[in-house]
Amino acid sequence: MDKNLQRNLQQGSTWMRILYMVLFAFIYGIAEMVVFGIAVIQVLIKLVTGDTNPQLLVLGQGLSVYIYQMMQFFTFNTEERPFPFGPWPGNSP
């Protein structure tokens with residue numbers, strides 16, 4: 001086996017990152033469903049009241065930034081692990 005490949009396969013930090021990525025993939029699926037639910041609820045509220053719900057706007061924005069942070073981690077653009085291993089994101093990426 002190539003020495004570089006063997007060394008890379010033995011790096012514990014890479015295997016830990018893979019475990020975090022699997023965990024965040026699961027969380028991403030849940031977050032995606034919640035964002036879709038918020039969108040459906042906002043449409044219904046808009047149809048009934050003519051306006052959107054400000055609390056759902058804030059929640060939707062926070063979840064969108066959170067999903068963005070997970071994508072940054074998945075694609076190795078950052079080493080910072082998103083919530084719950086870091087702080088909950090603000091409302092801007």
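Tabulated values for the structure
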| read-out | value |
| --- | --- |
| Tabulated pairs, segment 28-40, first over 15 Å from TYR68 (Cα atoms), second surrounded by 12 or more Cβ atoms within 10 Å (Cβ to Cβ), C-beta under 8 angstrom, 6+ apart or interchain | ILE38/LEU56; ILE38/LEU59; ILE38/GLY60; ILE38/LEU63; ALA39/GLY60 |
| Odd one out for THR49, checked against (1) farther than 19 Å from PRO89 by Cβ; (2) hydroxyl-bearing (Ser, Thr, Tyr); (3) touching a helix residue (DSSP H, G or I) at 6+ places or on another chain (Cβ under 8 Å) | (3) |
| Residue among LEU47, LEU56 that is surrounded by 15 or more Cβ atoms within 10 Å (Cβ to Cβ), on the phi < 0 side of the Ramachandran plot and in a helix (DSSP H, G or I) | LEU56 |
| Residues of segment 15-27 that turn out to be among the hydrophobic types (A, V, I, L, M, F, W, C) and under 18 Å from TYR68 (Cβ atoms), as a count | 6 |
| When residues of segment 1-30 are limited to those that are within 20 Å of PHE76 (Cβ to Cβ) and basic (Lys, Arg), the one surrounded by the most Cβ atoms within 10 Å (Cβ to Cβ) | ARG17 |
| Among residues of segment 66-80, those that are assigned to a loop (DSSP other than H, G, I, E, B) and on the phi < 0 side of the Ramachandran plot, counted | 5 |
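Per-residue answers, yes or no, for (1) under 19 Å from THR14 (Cα atoms); (2) surrounded by 15 or more Cβ atoms within 10 Å (Cβ to Cβ):
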| position | (1), (2) |
| --- | --- |
| GLU32 | no, no |
| VAL43 | no, no |
| THR52 | no, no |
| GLY60 | no, yes |
| VAL65 | no, yes |
| TYR68 | no, no |
| THR75 | yes, no |
| GLU80 | yes, no |
| ASN91 | no, no |
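Only the coordinates and a few stated rules stand behind these numbers; no lab work does. Just so we're clear, the structure is a prediction, and the values are computed from it rather than from any experiment. FYI the Cβ positions are ideal-geometry reconstructions off the backbone, even for glycines, and counts take in every protein chain you see.
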